[in-house]
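Only one structure is covered here, and it is reproduced in the block below.
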Amino acid sequence: MDGSNIEGRLILELKRRGSITMQEVAEVLGMSKMGAYKHLLKLEGSGLVGRRIVKKSVGRPIHSFYLTDRGKQYFGSADSLVLGNLLEFLKSRGAGGLVSEFLRERYAKLAEEYAELFTGKTLDEKVRLLSELRSREGYMAELRRSGRGFELLEYSCPIFKVASVFGEACHLEAKLFSRVLGVDVENTHRQVDECSVCRFLLKPKT
């Protein structure tokens, strides 16, 4: 496995866990702690990973590694920095309304497309298809059961830059899920709020 693949796996694992120790990296990758540390140092030097010291009740403090904002966008577009600058420029010039209008139209169109695909399906089938569609769109989605409902986790955020400037995008995504699934949706975690994952609770309406 080449270095870039190892580093990609490390970033994905960090997205899943939120933080990771050198020992955990070694276990995940099946290598020595020094080998794991070498890859972490490279990611840290690239500005993708940061570290903090965690004190233990017994023994020496340990280093815990986490993704920086740049690391969270690792699987996104290389043009994301330019996009972020453009959005900030539009907002500062009073043109934010145009972006909001674009977002509303985009999600209305997605709702129509999803609704057509979901026609005739049970709720279980709909949420599983939604998870598949989101993964195809670059969100790296994972679906889990949660009580009577479901938990949709998204480890990548292709619209991170947009949502960072226009938080309405996250609200529209939750509204989209509610509309096409016919469920109540609670967005408990957002990557733009420095969480490692976007988390949506999908609950059948009572």
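What do you reckon, is GLU113 of a type outside the set (S, T, N, Q), without any contact (Cβ under 8 Å) to a residue 12 or more places away in the chain and in contact with a Phe, Trp or Tyr (Cβ under 9 Å, 6 or more places away or on another chain)? Taking the combined requirement at face value, the residue does not satisfy it.
Residue by residue, here is whether (1) assigned to a strand (DSSP E or B); (2) aliphatic (A, V, I, L, M); (3) without any contact (Cβ under 8 Å) to a residue 12 or more places away in the chain holds:
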site: TYR107; (1), (2), (3): no, no, no
site: LYS121; (1), (2), (3): no, no, yes
site: ASP124; (1), (2), (3): no, no, yes
site: LEU130; (1), (2), (3): no, yes, no
site: TYR139; (1), (2), (3): no, no, no
site: ARG145; (1), (2), (3): yes, no, yes
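When the test is whether a residue is surrounded by fewer than 16 Cβ atoms within 10 Å (Cβ to Cβ) and touching a residue at least 24 places away in the same chain (Cβ under 8 Å), GLU88 passes it. Is it the case that the stretch 10-33 has a residue that's in the same structural domain as GLU168 (by TED's automatic domain parsing), modelled with pLDDT under 85 and surrounded by 15 or more Cβ atoms within 10 Å (Cβ to Cβ)? Within the stretch 10-33, none of the residues are in the same structural domain as GLU168 (by TED's automatic domain parsing), modelled with pLDDT under 85 and surrounded by 15 or more Cβ atoms within 10 Å (Cβ to Cβ). Residues in the stretch 161-202 that are part of a loop (DSSP other than H, G, I, E, B) and aliphatic (A, V, I, L, M): VAL197 alone.
Selection over the stretch 83-100 of residues that are over 13 Å from VAL162 (Cβ atoms) and either modelled with pLDDT of 95 or more or within 24 Å of the chain's Cα centre (by Cα) (or both) gives a count of 0.
Across the stretch 170-192, a minimum of one residue is classified as surrounded by 16 or more Cβ atoms within 10 Å (Cβ to Cβ), in contact (Cβ under 8 Å) with a residue 40 or more places away in the chain and closer than 20 Å to ARG70 by Cβ.
The values are calculated or read from the model by the stated rules, or taken from the named source; none is laboratory data. Here the structure is a predicted model, which is why all the values come from computation and not from measurement. Note that each Cβ is placed from the backbone with ideal geometry, even for glycine, and that neighbours are counted across all protein chains shown.
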